[in-house]
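One structure below.
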Amino acid sequence: MTARQYLFAGRVQGVGFRYTTKNLAKGFDVLGWVKNLPDGRVELQIMGDEEELNEFIEELHDSPLGHHIQEQEERTLPLLENIQGFSIQH
């Protein structure tokens, strides 16, 4: 089990990024959340098997959202606690 944080920059707010990411997560065995940040980026924290996480991020980039992502930062996190399913945070 691995947990990662992703920060996406570009035109990632106001384009359905969080909603699409949540729907995409339904097809993967992942837990976590996505939210808009005040600086215009979107933060994703996600946990699952490493291969599943890689496939999820690849699918995210292959989705219609992919062309909105101009920058992506990634870092490994300690395992997320008290997470059930995948949600949009506000």
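If you go through the range 1-15 and keep only what is touching a residue at least 40 places away in the same chain (Cβ under 8 Å), surrounded by fewer than 16 Cβ atoms within 10 Å (Cβ to Cβ) and not hydroxyl-bearing (S, T, Y), you end up with M1, Q5, R11, V15.
Tell me which residues, restricted to the range 19-38, are crowded, with 21+ Cβ neighbours inside 10 Å and either closer than 20 Å to P64 by Cα or without any contact (Cβ under 8 Å) to a residue 24 or more places away in the chain (or both). Hits for the range 19-38 are T21, A25, V34.
Residue-by-condition table, conditions (1) crowded, with 17+ Cβ neighbours inside 10 Å; (2) modelled with pLDDT of 95 or more:
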position	(1), (2)
G40	no, yes
L53	yes, yes
G66	no, no
E74	no, yes
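Which members of the range 5-44 meet the condition of being more than 9 Å from the chain's Cα centre (by Cα) and in a strand (DSSP E or B)? Residues satisfying the conditions are A9, G10, L31, N36. Can I57 be described as among the hydrophobic types (A, V, I, L, M, F, W, C), over 16 Å from G16 (Cβ atoms) and at pLDDT below 95? So I57 fails the test.
Residues that are part of a helix (DSSP H, G or I) and under 12 Å from the mean Cα position of the chain (by Cα) within the range 45-54 comprise L53, N54, listed in sequence order.
The values are calculated or read from the model by the stated rules, or taken from the named source; none is laboratory data. Here the structure is a predicted model, which means the values were calculated and not measured. Neighbour counts run over all protein chains shown; Cβ positions are idealised from the backbone, glycine included.
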